[in-house]
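Engineer: Would you mind keeping the following structure in view while I ask a few things?
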Amino acid sequence: MVQSKGWDWENANQSAWLKPTEDSYYLSQVWKEKGYSKLLDLGTGLGRHAVHFAKNGFDVSAVDISDYGIRHLISWAENEKLPIKAVTGDMLHLPYPDKEFDCVFAYHVVSHSDTQGVEMIISEIERVLKRDGEIFLSFCSKESIDFQEAQGDRIDGNTVIYQKEPEVGVPHFYADLADIIKLLHNFSITKVRHTEYCSLDLHNRHKRMYYYVNAVYSPIGR
Ligand SMILES: C[S@@+](CC[C@H](N)C(=O)[O-])C[C@H]1O[C@@H](n2cnc3c(N)ncnc32)[C@H](O)[C@@H]1O
């Protein structure tokens, strides 16, 4: 299995990663109405979603392999007086007990491994989720130009190691719908969106596509 590599947040364009996404606004409403409380922001980055969910009353834990990201979140949470539990850790070996969370939010995170690694990450998510708990995950799509142009550089049928800053050496796993259904076989998938991320720089258009998946953990016979 390929080695995990966190984001080099010191050299990234941080401003793009400080505002919570539309999906987190929607889910903070829906998950609150369902009575969910314990939430894991997996691969929290600088912490924008952890802060958003904590402000909306969730009991938030956040993990990232990047020390820089976790330090950023801890100081953000202290400034906002939010009781977020943020730790440095690896999503392949989550530092939480079994059945700890009602929901897991993982935005542009689980794709940072290879095929074997992504299978392990999904089984770690299953371990820490309560039965009938919910997930929101995104996956890089095989229809992205980065995947299609990297034919010779794929390390397995789904994975490319990036060579561009700020993600030099960072693995990216690309999926299609069949891959997602196979990976999430212990879940009932409730919603899948497949969209193009459209840069506003129209002269430098770079087709990147993602899947966004909502699913409920409903294993048979466990
Ligand atoms: C594209 S960023 C997304 C950050 C955040 N979810 C957001 O939407 O702002 C991906 C994050 O995944 C983290 N990451 C990569 N591999 C990881 C691993 N094995 N375990 C935990 N976090 C990891 C990176 O350090 C980075 O912060």
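Engineer: Ignoring ligands, DNA and RNA, please state the percent of accessible area on region 90-217 from carbon and sulfur, probe 1.4 Å.
Structural biologist: On the way: 3050 of 5970 Å².
In region 90-217, the share of accessible area belonging to carbon and sulfur is 51 percent.
Engineer: Let me ask something additional. How many percent of the accessible area of region 1-73 is carbon or sulfur, using a 1.4 Å probe? Kindly include the intermediate steps, with their values, before the conclusion.
Structural biologist: Details: 1570 of 3410 Å².
Reported share for carbon and sulfur atoms: 46 percent.
Engineer: Still on this structure, please answer the following. Which net charge results when you count Lys and Arg as +1 and Asp and Glu as -1 among the other residues whose beta-carbon is under 10 Å from that of Tyr107? Can you show the working numbers first?
Structural biologist: Numbers: positive: Arg48; negative: Asp23, Asp41.
Around Tyr107, the charge tally is -1.
Engineer: Let me check against my output: what whole-number percent is the relative contact order of region 83-167, with C-alpha pairs under 8 Å and at least 6 apart?
Structural biologist: On the way: 83 pairs, mean separation 27.1, N = 85.
Taking the mean separation of contacting Cα pairs over the length of region 83-167, I get 32 percent.
Engineer: Based on DSSP, what percent of beta bridges with both residues in region 90-217 are antiparallel, to the nearest 5?
Structural biologist: Details: 23 of 30 bridges.
So the antiparallel bridges in region 90-217 amount to around 75 percent.
Engineer: Along the charge dipole of the chain, Cβ charges K/R +1 and D/E -1, which of Val63, His172, Ser24 sits furthest on the positive end?
Structural biologist: Ser24
Engineer: Another question about this same structure. Could you size up the charge dipole of region 90-217 around its Cα centre, putting +1 on the beta carbon of Lys and Arg and -1 on that of Asp and Glu, and report it in debye to the nearest 20? Walk me through the intermediate numbers first.
Structural biologist: Working: 13 positive and 21 negative charges, 71 e Å.
Charge dipole of region 90-217: 340 debye, to the nearest 20.
Engineer: Report the one residue of Met91, Leu137, Tyr197 whose Cα lies farthest in the direction of the positive end of the charge dipole of region 83-222 (charges on C-beta: Lys and Arg +1, Asp and Glu -1; origin at the Cα centre).
Structural biologist: So the residue we want is Leu137.
Engineer: Sticking with this structure for a sec: Amide H neighbours of Phe101 under 5 Å, counting only residues 5+ apart in sequence or on other chains, H built in-plane at 1.01 Å?
Structural biologist: Here the answer is Leu129, Lys130, since their amide H atoms fall under 5 Å of that of Phe101.
Engineer: Under a point-charge model restricted to the Cβ atoms of Lys and Arg (+1) and Asp and Glu (-1), what is the dipole moment magnitude of the chain relative to its Cα centre, in debye to the nearest 20? Don't jump to the answer; show the numbers that get you there.
Structural biologist: Numbers: 24 positive and 32 negative charges, 124 e Å.
Approximately 600 debye in magnitude.
Engineer: At a probe size of 1.4 Å, how large is the accessible area of Val192, to the nearest 10 Å²?
Structural biologist: 60
Engineer: Something else: Quick query: amide H of Ser141 versus all other amide H atoms, modeled in the peptide plane; which residues come in under 5 Å with a sequence gap of 5 or more or a different chain?
Structural biologist: Amide H to amide H, under 5 Å and 5 or more residues apart or across chains, Ser141 pairs with Ala175, Met209, Tyr210, Tyr211.
The values are calculated or read from the model by the stated rules, or taken from the named source; none is laboratory data. Computed from a predicted model, the values in this text were never measured in an experiment. Note that each Cβ is placed from the backbone with ideal geometry, even for glycine, and that neighbours are counted across all protein chains shown. Surface areas here come from the heavy atoms of the whole protein model, side chains and all, with no ligands, DNA or RNA. Shrake-Rupley method; radii C 1.70, N 1.55, O 1.52, S 1.80 Å.
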